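Reviewing the structure listed below.
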Amino acid sequence: MQKIVVFTDTHMQPEVGAGKFDPDVQLEKGIAHVNEFNSDADLVIFCGDITDKGDIVSYRMLQNRLKDLDIPYKLLLGNHDNRENFLTVFDDAELDENGFVQQVIDMGAVRLILLDTLHGPPYDYPLSHMGKLCEKRLAWLDAQLASAGEKDCIVFMHHPPHDTGFVAMDTIKLIDGDPFYDHVKTHNNVSQIICGHVHRTISGHHKGVPFAVFKSTVGQMPMLFDTMDFHMEVNEPSSYGIIFADKDSVLVQTEDFELSDLKALQEKP
Ligand SMILES: [Fe+2]
Ligand SMILES: [Fe+2]
């Protein structure tokens, strides 16, 4: 059984507005919680929007904070990221043959496929807030699915490849959802899709493939499905995801780490 912790939408930035969560403080708390209570995890995956503005200062802040983490980690990019600045700081990041921040990790009976859905360069907003999987990235995905053998595949990607019920966020989902699902359905070996982007806990299935979305470590999406305000957020407690995966089995848990006083429970006489 593999155990994977998922953080998403850390939106690291040096300065935040009044009343907003400090991303570095939030991540510090989240990492401390993982180190204390889930240090047996095999891997931690950060599911994109790792910085807020894609600037080098923020990537360095993130790199610095990640030194606290006791478990190996992998980073995905989201629409708030900048691939060139990311690679300037994380210069040992694994890339696919076309220079996208994509990689495959085989772990026991499962294959983790980490996708790069960043729509740039050029970084042309608001278009670049939408997720993109170009022909090259889709071909790479297809090759990983085709060569998975008996392993079940779990796909990690920042942008959900389908609607999640929040009208504003649905306008900036992955724009290549149809070809993405064509590849997924052709190989029929994806047991779970994990996304970020929406800043909300959501699960279900699309075309029969299960998916889960996790909350951010900073502000969360309010449960106002019809708002077109992308920037609206509520200061709910943050969480990270915990995935247990084996052949024919995936469990998806969430830990509201700011509410969870596990230590007090452990120390209870
Ligand atoms: Fe985000
Ligand atoms: Fe995003």
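Read the figures in this text as sums done on the coordinates, not as results from a lab. All of these numbers come straight from a predicted model, not from anything done at the bench. Heads up, the Cβs are rebuilt from the backbone with ideal geometry, glycines too, and the neighbour counts pull from every protein chain shown.
Using θ = phi - 60° and the Karplus curve 6.51 cos²θ - 1.76 cosθ + 1.60, what whole-Hz ³J(HN,Hα) does each residue of region 36-50 get, with Gly and Pro shown as x?
So the Karplus estimates, Gly and Pro as x, are 7, 10, 9, 6, 8, 5, 7, 7, 10, 10, 9, 9, x, 6, 6 Hz.
Please state the relative contact order of region 2-267 as a whole percent: Cα pairs under 8 Å, 6+ residues apart?
Values: 594 pairs, mean separation 53.3, N = 266.
Relative contact order here is 20 percent.
Using the Karplus curve 6.51 cos²θ - 1.76 cosθ + 1.60 with θ = phi - 60°, what ³J(HN,Hα) values do you get for each residue of region 181-193, in whole Hz, with x for Gly and Pro?
5, 4, 5, 4, 6, 4, 8, 6, 10, 8, 8, 6, 10
Tell me which aspartates and glutamates have Cα within less than 19 Å of K185's Cα, excluding those fewer than 8 residues away on the same chain?
List returned: E135, D142, E150, D152, D163, D176, D248.
What does the charge add up to near S238, with Lys and Arg as +1, Asp and Glu as -1, over the other residues with Cβ less than 10 Å from its Cβ? Don't skip to the answer; put the middle values down first.
Working: positive: K29, K215; negative: D9, E236, E255, D256, E258.
Spelling it out: positives minus negatives among the neighbours equals -3.
Which of K3/K263; K132/K215; K74/K173; K29/K268; K151/K173; K20/K132 have a Cα-Cα distance over 26 Å? Kindly include the intermediate steps, with their values, before the conclusion.
Working: K3/K263 21 Å; K132/K215 21 Å; K74/K173 22 Å; K29/K268 22 Å; K151/K173 28 Å; K20/K132 29 Å.
Those over the limit are K151/K173; K20/K132.
Just to be sure I understand: if I project the alpha-carbon convex hull of region 2-267 onto a plane and average over all orientations, what area do I get in nm²?
13.6 nm²
Dipole size in debye (nearest 20) for the chain around its Cα centre, Lys and Arg Cβ +1, Asp and Glu Cβ -1? Please report the intermediate quantities before stating the final value.
Numbers: 22 positive and 43 negative charges, 59 e Å.
It works out to roughly 280 debye.
Between the alpha-carbon centers of region 41-82 and region 241-259, tell me the distance in whole angstrom.
20 Å
Can you give me the long-range amide H partners of G219? Hydrogens built in the peptide plane at 1.01 Å from N, cutoff under 5 Å, separation of 5 or more residues or another chain.
F21
List the GluC sites (Glu not before Pro) within region 51-137 that fall in a DSSP loop (any state other than H, G, I, E or B) and whose Cβ has at most 14 other Cβ atoms within 10 Å. Walk me through the intermediate numbers first.
Working: sites: E84, E94, E97, E135; in loops: E94, E97.
Here the sparse-neighbourhood loop sites are E94, E97.
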